[in-house]
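The next block holds one structure in the form of structure tokens; read it before the comments.
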Amino acid sequence: MQDRKAITSVPINELAARRWSPRAFDAQRGVKPEQLTALIEATRWAPSCFGEEPWRILVWDRAHDEKGWQQAFDCLSDNNKKWVKNVPLLFLACAGSTLNNGNPNRWAQYDTGMAALALTLEAVAQGLAAHQMGGFSMDKARAAFAIPEEFTPMAMVAVGYQAEPDVLDEETKAKELKARARKPVVERFYGSSWGQPLA
């Protein structure tokens, strides 16, 4: 397996440094029930505005729900299908649109993203890998799983054990082996006002 630890300017938390989004997964290794429970618990305890927990997460374990997993798989883009075929667990994170009092919840998508990150970091802690995807059909997902209109499907998350890149087709393998990179701090972080370099 590849060690794709982030190259940072200063040391950061080990889980954050080790987190990346591989496409090479081991088709022969399932995720244990206790690992799945830990993933769900980590997601459940993510922070949210007013403690609203606006997310709803659909979960498909291929070993126990082949039909559901296949329906979720069928919602993916063709590029994602090329590698997700080896993944044992799929999640779909959906964000609500209203607060419990009926008012619009403008923080729901932000909070749902934090829940997905909590899931992803717990996967790393469990010795697993997670890859979040925007490449899926929202309409297909709504139809297949009866997702209410007030919830927006935000991202699919693939979780499993990492494998060597050789399990991938050449095009996907090239993406897998591409060096990790991030924009310079000055391009994304500002100081006293918008566009001002952070001191």
*What about GLU52, is it modelled with pLDDT under 95 and not aliphatic (A, V, I, L, M)?*
no
*Just checking, how many residues over segment 19-31 are more than 17 Å from THR120 (Cβ to Cβ) and either surrounded by 12 or more Cβ atoms within 10 Å (Cβ to Cβ) or of a type in the set (Asp, Glu) (or both)?*
4
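Any residue in segment 81-98 that is aromatic (Phe, Trp, Tyr) and farther than 26 Å from PRO33 by Cβ?
no
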*Among what's in segment 95-147 and is of a type in the set (Gly, Ala, Ser), assigned to a helix (DSSP H, G or I) and over 27 Å from ALA24 (Cβ atoms), pick the residue that is farthest from the chain's Cα centre (by Cα).*
ALA143
_Need the failing condition index for ASP61 against (1) out of contact with any Asp or Glu (no Cβ under 9 Å at 6 or more places or on another chain); (2) acidic (Asp, Glu); (3) surrounded by 19 or more Cβ atoms within 10 Å (Cβ to Cβ), just the number._
(3)
_Number of the exception - TRP83 against (1) in contact with a Lys or Arg (Cβ under 6 Å, 6 or more places away or on another chain); (2) surrounded by fewer than 16 Cβ atoms within 10 Å (Cβ to Cβ)_ = (2)
*Within the bounds of segment 37-49, is there any residue that is surrounded by fewer than 21 Cβ atoms within 10 Å (Cβ to Cβ), touching a residue at least 24 places away in the same chain (Cβ under 8 Å), among the polar types (S, T, N, Q) and part of a helix (DSSP H, G or I)?*
no
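The values are calculated or read from the model by the stated rules, or taken from the named source; none is laboratory data. Note that the coordinates shown come from a computational prediction; the quantities given were computed from them, not determined experimentally. Ideal geometry is used to build each Cβ from the backbone, glycine not excepted, and the neighbour counts take in all protein chains shown.
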